[in-house]
Structure formats: C-alpha cells, structure tokens
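The values are calculated or read from the model by the stated rules, or taken from the named source; none is laboratory data. A quick note: this is a predicted structure, and the numbers were derived from the prediction, not measured. FYI the Cβ positions are ideal-geometry reconstructions off the backbone, even for glycines, and counts take in every protein chain you see. Just so you know, the surface numbers come from the protein's heavy atoms only, side chains and all, with ligands and any DNA or RNA stripped out. Shrake-Rupley method; radii C 1.70, N 1.55, O 1.52, S 1.80 Å.
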Amino acid sequence: MESTNDFSKGSVGGNITRLALPIILAEFINILYNVVDRIFIGRIPGAGTLALTGVGVCFPLITMLSGFAGLYGTGGAPLCSIARGRKDLKRASDLMGVSFFLLVVTSLVLTGITEVFLYPLVKAFGASAATLPYAAGYMRIYAAGTLFVCVSLGMNPFINSMGFGNVAMMTIAIGAVLNIVLDPLFIFTFGMGVEGAAWATVISQAASAFWIFKFLTGKKTILRLERSTVRFDAKLTKEICALGLTGFIVNFTNSSVQLVCNRMLSVFGGDLYIAIMTVINSIRTVISLPVTGISSGAQPVIGFNFGAGRNDRVKEAIRFQTWFSLIVTTAEWASVMLFSGPWIRLFTSDPDLLDKGIPAMRLYFLCFFMMTFQFAGQNTFTGLGKAKQAIFFSMFRKLIIVVPLTVILPRVGGLGVNGVFLAEPISDIVGGLACFLTMYFTVYRKLGDSDGEGGNGERRKNDGNSCDS
C-alpha cells in the first residue's frame, strides 16, 4: 500500500486527479450538510426567510468553530505527507496522533464556551429580535456536536494524505446521506424546524466521526491511530499549529468577513439582505468545490514530492492545478452570471429575495475566476510547509482588503448594500494576483528541476529547501 501511494511515480496530473475526484465527490456530499439544511429551512411554512436569516447569522460562528479542525487537520496532514515522502513513518504517525488529541480537547472546550455564552454570541454575530429564536435554537444543538464536527473535518485530511481518497469520500458520504434523510424528517415530519436541521447535522457528523475512527484504528490504513501516539507533544504541536494557522486563518477571516457583512447588511438593508448573503455564500461554496478539490488532491502530491526531492514534479503539480482551476472557475463564473435566477431558486421562491438577490449575486461574483490564483498560490505554500507565506496571504485578502472595503464602500457615493457585495470582486483581483505572483517568483522559479534518480537525493533536498523566503 505504501508503494501504491508513492506520489513520486507515475503521471503527476494522474496522481492529482486520482486523489481529487473522490475528494471532489466527498466535498460535494459534505456541502450537502449545510446547503441541504438551507434549502429545507428556506421552505419552512410561514418562517422560511426569517429562519434562513437566523441560521445564516450562525454561519460565521460555525465557520470559526470549524477553523479549529482546519488548524490541526491542514497543519498536521501536509507535514504527514512530507514525512512519508522522507520515509519517516514514525514521525508521520506521531503527527496524526497529536493532531487527534488536540482536536478532541479543543472541541470539548469550544462546546463549553459556546453553550455558556450562546445568546451574547449570536447577538454579536447579527441576530435581530426577529431572528434570535432561530439562531439560538440552531446553534445550541449544533455546538453540542462540536466534537464530531472537529474529528470528522480534522482527521479526513490525514486519510487523503495517505492516498485513500475513496475512504475519505465515504467518510463524508455516510454523514451527508444520513443528513439528507434526517433533515426533512426532523424539520417537517416531526415539526422541529431549525432545531431539527441542527439535530440532523449533529447525528450525521457523529456517524462520519465514528467511520474515521474505525478506519484509522483498523488494519487497512498506512498510519494507524494508536494510544501511544494520541498525546500532547509541545514540539509537534508547535509545528502543526504553525502550518495549520493557514487553514485556521482562512476560516477565521471568512468568519470575520461574514460577521462584518452581516453587520453592514443589517444597517443598510436589513434581514432580507442577510438572507441574500446566506444564499450567495451557499452558492459560492458549491461552485468553489472543483477548485478546492483539485487543491486538496494536489497538496499531498506537492508535499510528498518536495519531501522526496522531486522538484520537477512539484513544479508540474503547481502548473496542473493552476490551469485546471482557471478553466473551471471561468466556466463557473459564466454560469453564475447567466443563470443567477435559477441558482437562487434552489434555496427560495421568495419574490423579494429573488428581486434583490439577482443583481447582488452578479456583483459579488463579478471577478470570481481570479480566485484561481489565490487557490493555486496559497495551496502551494501550504503543500510545501511554508506557513508564514500561506498565513500572510490568508490574512491579506480577507482582513486587509475585504473587511475594510465592506465597511467603507457602502458609505461611498450612496452604494449602500452594493458596496458590501463589491468588496469581494476587488479582493479577488488584488489578493489573487498578489498571492500567485509572490509564489511564482519566490518559490516556483527557485525550485529548479531534478530527475529523481540515482544518488542526487541530498542535492535535490537542498535545492528544494532553497526556495524558502
């Protein structure tokens, strides 16, 4: 199995695609957790739009909670890939065990904090008097399942890093299919409303977490989760968190942007526009799927070949993911711009939301194809273990560009809510180009080429490390 998942052999594009296809399918199924919730919630009789807005208020908080899964998962898994590339399986196993320990402890702490400060939190995240019951009802139940969310999201990258894309897909498929079945049952048949949607999600995530634990403690995995490795280790924790800050900051900055957007939309547009942004964010999650999938597939290949000193294959992987992403995001951009109405109707038939939502959506996605360069640049930094660069560009696009523009633009020239939606395309251009060009000049051009054969391993390793900046 170890030789089967040796990414220094075979076609680079083939390796990436082999990993990416089940990841894309898995992520598509994973997206159904939240998207299906929103589709059903938007159709609750007599309360659809308010309920959708209330749950939308929770998403920045949910994103923040999920960020801790990213902190340990996207921090430990690339390091695990690099260790496997260097044939250091003990270090790879230790990284996985420490990450699991951190996920469990952190999730229990987060559950306690969220339950104690529930009402102040949802109010701070934008819940109005009308939407507070829906937001608090959903979040109280969701927070109780934080352990399952963190384990399922945080440990799945390790399964991908070992090349078990189909297993990773099944991890998410089991929970998502269960969620699709339970959502209408709990929401409508049992009359539980938004709380039913939350229970469906928690039960489904618990099923996914159990599946992951069963696989990683079984006989088919390359790296086994053992009691001796599940512990706190200060040195490994520092390494995991240093690299994982990229994923954490991505989630934290996304949460910050959602929070600021909700605040500004409530001032300039009211609850209706928060519901519109909830729908737009759902659509963005769906259409970003192929690019995030190919990035997830490329990351283990980049990390493994970098660890093995195969810089020529690292560069080929970077080129492959960039061109693939550009083609896909351009096609998706055209789809959203031409068919905005049908996209929104997936979530609601509210005529007011459709009337205001279509022009808002076209503004928001105006330059979506430029996100290709953000994905490619940041994924390369992460795959090579370059935490500082990856963290900086995570913060640069969201906190330095989007947040200030979201606050400033609505007050410029009477733009109002349009200013909130315009902040995103501006950041797509500026942030995407800044990230990709930095990666190209400081990493890609300095990698050099290597044939990966004979006794040049040490030279290639030194060449690979020379791209640090």
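Considering (1) open to solvent by 10 Å² or more (accessible area, probe 1.4 Å); (2) within 24 Å of the chain's Cα centre (by Cα), say which one S349 fails and leave the rest.
Looking at each condition in turn, S349 falls short on (2).
Restricting to region 1-44, name every residue that is at pLDDT 75 or above, open to solvent by 50 Å² or more (accessible area, probe 1.4 Å) and either touching a strand residue (DSSP E or B) at 6+ places or on another chain (Cβ under 9 Å) or not in a helix (DSSP H, G or I) (or both).
K9, G10, S11, R43
I'd like the residue in region 352-386 that is aromatic (F, W, Y) and modelled with pLDDT under 90 and, out of all such residues, is surrounded by the fewest Cβ atoms within 10 Å (Cβ to Cβ).
Once the filter is applied, the top-ranked residue is F375.
Mind listing whichever residues of region 105-129 are open to solvent by 40 Å² or more (accessible area, probe 1.4 Å) and assigned to a helix (DSSP H, G or I)?
We begin by selecting, within region 105-129, every residue open to solvent by 40 Å² or more (accessible area, probe 1.4 Å); these are 105, 108-109, 113, 115-117, 119-121, 123-124, 129.
V105, L108, V109, I113, E115, V116, Y119, P120, L121, K123, A124 - these are the residues of region 105-129 that are open to solvent by 40 Å² or more (accessible area, probe 1.4 Å) and assigned to a helix (DSSP H, G or I).
Can you confirm whether region 209-216 contains a residue that is of a type in the set (D, E, K, R), open to solvent by 80 Å² or more (accessible area, probe 1.4 Å) and either touching a residue at least 24 places away in the same chain (Cβ under 8 Å) or farther than 29 Å from Y142 by Cβ (or both)?
No, region 209-216 contains no residue that is of a type in the set (D, E, K, R), open to solvent by 80 Å² or more (accessible area, probe 1.4 Å) and either touching a residue at least 24 places away in the same chain (Cβ under 8 Å) or farther than 29 Å from Y142 by Cβ (or both).
Identify, from the list G70, G56, G75, G97, the residue that is at pLDDT 80 or above, farther than 27 Å from I240 by Cβ and in a helix (DSSP H, G or I). Before the answer, list the steps.
Numbers: G70 fails: farther than 27 Å from I240 by Cβ; G75 fails: farther than 27 Å from I240 by Cβ; G97 fails: farther than 27 Å from I240 by Cβ.
Testing whether each residue is at pLDDT 80 or above, farther than 27 Å from I240 by Cβ and in a helix (DSSP H, G or I) leaves just G56.
Select, from R140, R84, the only residue that is in a helix (DSSP H, G or I), among the charged types (D, E, K, R) and surrounded by 24 or more Cβ atoms within 10 Å (Cβ to Cβ).
After applying the criteria, what remains is R84.
Among the numbered criteria (1) surrounded by fewer than 24 Cβ atoms within 10 Å (Cβ to Cβ); (2) at negative phi; (3) out of contact with any Leu (no Cβ under 6 Å at 6 or more places or on another chain), which one does G270 miss?
Failing condition for G270: (2).
Does T201 count as under 19 Å from the mean Cα position of the chain (by Cα), more than 30 Å from G383 (Cα to Cα), among the hydroxyl-bearing types (S, T, Y) and part of a helix (DSSP H, G or I)? Let's see the steps before the verdict.
Details: under 19 Å from the mean Cα position of the chain (by Cα): yes; more than 30 Å from G383 (Cα to Cα): yes; among the hydroxyl-bearing types (S, T, Y): yes; part of a helix (DSSP H, G or I): yes.
Considered against the rule, which asks whether it is under 19 Å from the mean Cα position of the chain (by Cα), more than 30 Å from G383 (Cα to Cα), among the hydroxyl-bearing types (S, T, Y) and part of a helix (DSSP H, G or I), T201 comes out as yes.
What residue, of V403, V412, V407, is more than 27 Å from Y72 (Cβ to Cβ), within 27 Å of the chain's Cα centre (by Cα) and either at pLDDT 90 or above or open to solvent by 60 Å² or more (accessible area, probe 1.4 Å) (or both)?
Only one candidate passes the filter, namely V407.
Can you say whether L245 is closer than 22 Å to G416 by Cβ and either outside any helix (DSSP H, G or I) or open to solvent by 40 Å² or more (accessible area, probe 1.4 Å) (or both), as far as the supplied structure shows?
no
Evaluate the following for M155: is it at pLDDT below 90 and in a helix (DSSP H, G or I)? Working first, answer last.
Details: at pLDDT below 90: no; in a helix (DSSP H, G or I): yes.
So M155 does not fit the description; no.
Would you confirm whether or not region 164-177 contains a residue that is open to solvent by 20 Å² or more (accessible area, probe 1.4 Å), in a helix (DSSP H, G or I), within 20 Å of M64 (Cβ to Cβ) and in contact (Cβ under 8 Å) with a residue 40 or more places away in the chain?
Checked region 164-177: no residue is open to solvent by 20 Å² or more (accessible area, probe 1.4 Å), in a helix (DSSP H, G or I), within 20 Å of M64 (Cβ to Cβ) and in contact (Cβ under 8 Å) with a residue 40 or more places away in the chain.
Condition first: free of Cβ contacts under 8 Å to residues at least 12 places away in the same chain and either within 24 Å of C150 (Cα to Cα) or over 24 Å from the mean Cα position of the chain (by Cα) (or both). Can you find one or more residues in region 45-64 that meet it?
yes
For region 234-264, enumerate the residues that are at pLDDT 90 or above and under 30 Å from A360 (Cα atoms).
V260, C261, M264
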